[in-house]
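S.K.: Take this structure first; my questions come after.
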Amino acid sequence: MNRRNFLKTSSMGFLGSLVPGIINAQKNNVSEVVDIHMHLIGESQSNGCYLGPRARKSLSYKMLVPFLDINRNAGSDEIDRQYVKMLRQKVESTSIPYIGILIAMDGVYNKKGELDFDRTPYYVPNEYLFKVCAESTSFFPGASVNPNRKDALDELEKVIENGAVLIKWLPNSQNINPTDSRHIDFYRILAEKDIPLLVHGGKEHTVPVEDQSLGNPEHLMLPLEEGVTVIVAHCADTGGDKHGKYFDRFLNMLKTSPNLYGDISSLTFLHKTLKLRYFLNHPELFDRLFYGSDFPLISTPLVSSFYFLGKLSLRNMFQIEGIDNDLERNLTLNRKLGVPEHCFRRGTELLKLG
Ligand SMILES: [Zn+2]
C-alpha cells in the first residue's frame, strides 16, 4: 500500500467510525420522491413575470446566476424557456421517479389590495405556473395567493379548482401577517378543501424582505386553529427574537399542533447543516417532515457533502460531489445522511396519490 492509499483508507476508517448512521442510510431504499419546494422563476413580461431591481441586485441572485445553465444574453422569453427546459431535464433524468411541486410567487399588495410592483421583489403568476405544469407530468402546481389582495378568496378558489396542490407564502417578503383575523375566511377555504399552506419560516436570506418578524412560526397558530395543514418551509431554521429562536419554537409547536409539519428544503446549505444534524439525531421528527430541495439555490456551492464531515465517509462525499444533476446530488446527500424513506415519499399525500 502506498502512502496515498494508506492515508485514504485510514481517513475513511476514522470517519466511518464516527458514523453509525451510514449503515442505516444504505438500507434506505427510496422508490419515489416528491420534492415539495421547487421555485419556478421567470422574468418575461409575456409570461406575466417580473424580476425587480432589488432582486436583480441581491447577492443571492448574483451568486445563483453563474451556476444556472442559462444564457443570460438571451431575451427574457428565451431565458424563461431555458429555465423550464433545465428544470424538466433535471427532474426527468433522476435515477428515481421524481415529482416536483413548482412554486409561484405572488407580489406585495397595498392597503387597497392592489399589486404594488415597487415593493414586489419578484413575481411569478399562477397562470404561468399552471401553463408550465400542464406541459409535464413531473410537475404539480404550488400556487401563491397573497391574502391581502382584494380578490384573494376568488383567486384561491380558482387555483384550487385548477388543481393547486398547496398554497405558498413568503410572509417576510410578501408582507403577509398570518395572525391577521381578516384572513380567517382564507383559512377556512384551505381547511375545507384540504389544501396545505406552505409558509416560509424563520429569517429570509434570499429574497428582499419587508419585515423579518413575519417569519415567526408562532404567527401560524391562527391557521392551525382553523384546521389548516401548515407546512413550515425550512422548519423556521434561522432567526428569532427576545423570546427565543424560531427553530426552538417550531419544535415546541410540533408537540401541540398535530396539523403542523415542516419541510427540510435548504437544510443541506452550509449555514443550516446543524438543523439537519439535529433531525438526524431525533429521527422520530421525520414523521412530521416533507422533503424539499429549494431548487434553484441547491445549484450553488452553498450545498456540499463536505459540510457534513463526520456524518459521511470520504468516499461517499466524493461520490456525491461527482453527481452532475443538482436534484440527484441533493437527494443522494440526504439519503446517505440517513433521512428516512417516508420523508421523501410524504409529498404523495399532498398529491392524493399515496
Ligand atoms: Zn424556497
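S.K.: Among the residues in region 304-321, are any crowded, with 21+ Cβ neighbours inside 10 Å and within 16 Å of the ligand (Cβ to nearest atom)?
M.R.: Among the residues of region 304-321, not one is crowded, with 21+ Cβ neighbours inside 10 Å and within 16 Å of the ligand (Cβ to nearest atom), which makes the answer no.
S.K.: While we're on this one: Does residue 303 qualify as being in contact with a strand residue (DSSP E or B) (Cβ under 8 Å, 6 or more places away or on another chain), aliphatic (A, V, I, L, M) and farther than 24 Å from residue 68 by Cβ?
M.R.: No, not satisfied.
S.K.: Residues to consider are 342, 271; find the one that is in contact (Cβ under 8 Å) with a residue 12 or more places away in the chain, surrounded by fewer than 20 Cβ atoms within 10 Å (Cβ to Cβ), within 16 Å of the ligand (Cβ to nearest atom) and more than 20 Å from residue 68 (Cβ to Cβ).
M.R.: 271
S.K.: While we're here: Looking at this structure, is residue 90 over 12 Å from residue 40 (Cβ atoms), within 18 Å of the chain's Cα centre (by Cα) and not acidic (Asp, Glu)?
M.R.: yes
S.K.: While we're on this one: Say whether the condition of being buried (at least 22 other Cβ atoms within 10 Å of the Cβ), within 25 Å of residue 54 (Cβ to Cβ), within 16 Å of the ligand (Cβ to nearest atom) and modelled with pLDDT under 95 is met by at least one residue in region 238-257.
M.R.: Within region 238-257, none of the residues are buried (at least 22 other Cβ atoms within 10 Å of the Cβ), within 25 Å of residue 54 (Cβ to Cβ), within 16 Å of the ligand (Cβ to nearest atom) and modelled with pLDDT under 95.
S.K.: Let me ask something else about it. Cβ-Cβ under 6 Å, sequence separation 6+ or interchain: first residue in region 30-56 and of a type in the set (Asp, Glu), partner part of a helix (DSSP H, G or I) and surrounded by fewer than 18 Cβ atoms within 10 Å (Cβ to Cβ). Which pairs?
M.R.: 43/76
S.K.: What tally of residues in region 345-354 results from selecting those that are touching a residue at least 60 places away in the same chain (Cβ under 8 Å) and part of a helix (DSSP H, G or I)?
M.R.: Final tally of qualifying residues: 4.
S.K.: If residue 112 meets every condition in (1) within 19 Å of residue 348 (Cβ to Cβ); (2) modelled with pLDDT of 95 or more apart from one, which number is that one?
M.R.: Single failed check for residue 112: (1).
S.K.: Another one. What single numbered condition from (1) part of a helix (DSSP H, G or I); (2) modelled with pLDDT of 90 or more fails to hold for residue 61?
M.R.: Unmet for residue 61, out of (1) part of a helix (DSSP H, G or I); (2) modelled with pLDDT of 90 or more: (2).
S.K.: A further question follows. Could you please let me know if residue 79 is modelled with pLDDT of 85 or more, assigned to a helix (DSSP H, G or I) and touching an Asp or Glu at 6+ places or on another chain (Cβ under 7 Å)?
M.R.: So residue 79 fits the description; yes.
S.K.: Given the criteria within 16 Å of the ligand (Cβ to nearest atom) and in contact (Cβ under 8 Å) with a residue 60 or more places away in the chain, does residue 109 qualify?
M.R.: no
S.K.: When you scan region 222-235, do you find a residue that is at pLDDT 95 or above, on the phi > 0 side of the Ramachandran plot and buried (at least 24 other Cβ atoms within 10 Å of the Cβ), even just one?
M.R.: yes
S.K.: How many of the residues in region 168-203 are among the charged types (D, E, K, R) and closer than 20 Å to residue 251 by Cβ?
M.R.: Total satisfying the criteria: 1.
S.K.: For region 280-325, enumerate the residues that are in contact (Cβ under 8 Å) with a residue 60 or more places away in the chain, in a helix (DSSP H, G or I) and within 26 Å of residue 255 (Cβ to Cβ).
M.R.: Result: 280, single match.
The values are calculated or read from the model by the stated rules, or taken from the named source; none is laboratory data. Here the structure is a predicted model, which means the values were calculated and not measured. Cβ coordinates were reconstructed from backbone atoms using ideal geometry, including for glycine residues, and neighbour counts include every protein chain displayed.
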